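Heads up: the structure comes next, in structure tokens.
The values are calculated or read from the model by the stated rules, or taken from the named source; none is laboratory data. This structure is a prediction, so every number in the text was calculated from the model and none was measured. Cβ sites come from the backbone with ideal geometry, for glycine too, and all protein chains shown count toward neighbours.
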Amino acid sequence: MKEEQKFKMFAKTFHGLEDVLKKELIHLRASNISIGNRGVEFYGDKALMYKANFHLRTALKILKPIAEFKAQHEIELYDAVKSIPWDTIFDVHQTFAIDSVVYSQHFSHSKYVALKVKDAIVDQFREKYKKRPYVETENPDVQINIHISDNICTLSLDSSGESLHKRGYRIKATKAPLNEVLAAGMILLSDWDFKSNFIDPMCGSGTLLIEAAMIAYGIPPGIYRQKFGFESWKDFDSELFEKIYEEESETKTFKSKIIGSDISEIAIRIARENISNAALKRKIDLNITPIENYTPPENEKGTIITNPPYGERLKKTNIQDFYSTLGDLFKDKYQGYSIWLLSSNLNAIKYIGLKPSNKITLYNGPLECKFLKYDIYQGSKKRKFKI
Ligand SMILES: C[S@@+](CC[C@H](N)C(=O)[O-])C[C@H]1O[C@@H](n2cnc3c(N)ncnc32)[C@H](O)[C@@H]1O
């Protein structure tokens, strides 16, 4: 990668996944990587930007900053945005949208900031071409991001377009599906070796199973996507992207099992459809079984990663009993396995009664959760533990 062709990028993610995202970026050979708040800054060339979108499992978006300036007033903002040669980035016939994030005493309304940025872009095109590009909030050709922190404004092009968690394999969702980026992050944070069994005994729509299979078989998460934002830019190099797509879509071999089960017939039907859409039908086994009746393959090793109900719709005593039962089941049936569980219900978690060996804070949407690890070995004891 030639130094002069490198530029700065910012990969956005969820709180708690910054370290795994950094590791993924190291693997892609990004340079000058530094962790920020809910994201990681890095440098690379155009090929790396395409690869980042295609390969990163824990990134939501890859932003490419194109201008950084100071502004304390809407006129300064308007002038700075208008000084960028927009017609070198996109065409007057293309649609665009502005996404604004503002933490500033100088600009109190993020929607107003977006409006000013839009005006500057539209006015520039109109003055040059007597025509204007139109704003399209759903699926615009070009997504522009303005971030203002006090008086520091960063204007970026969103090279991803639609958020990267929208892999393209999910046709249907159950009531509380995990975000795909969060699911991939949980798997990469866990100590699963990608060689032994992977089981989710409360799999719902199958997000963890699909993400696990993609990791185990080396399937890039971008393979199902119809489109990335950078494909609409004027400088899009289709040959380069095709090369990345062809060369780097090779699969690994995986000899163990990926198993999902759920008490709900509907959930398993949805999981089956999503799995089939991801072309993973022969790689994942599914069962309609309550966890109370499920036994993982005995005398084998593996990792359980699961996202049980948090109990919003259940009585308090019921959810406590359910988590206590989970603890009993883990202790009795899962010897040799390590278990990772994500839940926002800290009170219920205590009723599992096993001592976690690792504890990570993650957010499932707005819900603060604990992602806990339990090592199950012969003679694991149950008692109450503080979480
Ligand atoms: C929070 S959802 C899991 C969502 C899943 N991770 C996804 O991405 O779609 C919890 C799942 O646990 C299942 N469940 C509840 N009680 C169960 C039980 N006793 N045995 C097995 N599954 C159960 C529910 O049917 C539901 O699909």
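Structure data summary
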read-out	value
Members of the range 183-208 found to be near the ligand (Cβ under 9 Å from one of its atoms) and not small (Gly, Ala, Ser), listed by number	200, 201, 202, 203, 207, 208
Selection status of residue 264, near the ligand (Cβ under 9 Å from one of its atoms), touching a Ser or Thr at 6+ places or on another chain (Cβ under 9 Å) and at pLDDT 95 or above	yes
Test: residue in the range 221-233 that is within 16 Å of the ligand (Cβ to nearest atom) and either modelled with pLDDT of 95 or more or in contact with a strand residue (DSSP E or B) (Cβ under 9 Å, 6 or more places away or on another chain) (or both)	yes
Among (1) without any contact (Cβ under 8 Å) to a residue 24 or more places away in the chain; (2) outside any loop (DSSP other than H, G, I, E, B); (3) not small (Gly, Ala, Ser), the one test that residue 240 misses	(1)
Meets criteria (loosely packed, with under 13 Cβ neighbours inside 10 Å, more than 22 Å from residue 207 (Cβ to Cβ) and among the charged types (D, E, K, R)) for residue 332	yes
Any chance residue 218 is within 13 Å of the ligand (Cβ to nearest atom) and out of contact with any His (no Cβ under 8 Å at 6 or more places or on another chain)	no
The listed residue being touching a strand residue (DSSP E or B) at 6+ places or on another chain (Cβ under 9 Å) and within 30 Å of residue 26 (Cα to Cα), out of 59, 80	59
Test: residue in the range 80-94 that is without any contact (Cβ under 8 Å) to a residue 40 or more places away in the chain and surrounded by 16 or more Cβ atoms within 10 Å (Cβ to Cβ)	yes
Residue that is farthest from the ligand (Cβ to nearest atom), among those in the range 288-325 that are aromatic (Phe, Trp, Tyr) and assigned to a helix (DSSP H, G or I)	323
The range 197-218 residues that are at pLDDT 95 or above, paired with ones that are near the ligand (Cβ under 6 Å from one of its atoms) and of a type in the set (Val, Ile, Thr) (beta carbon under 7 Å, 6 or more apart)	201/291; 202/291; 204/174; 205/174
Residue within the range 90-100 that is more than 16 Å from the ligand (Cβ to nearest atom), of a type in the set (Phe, Trp, Tyr) and either modelled with pLDDT under 95 or assigned to a loop (DSSP other than H, G, I, E, B) (or both) present	yes
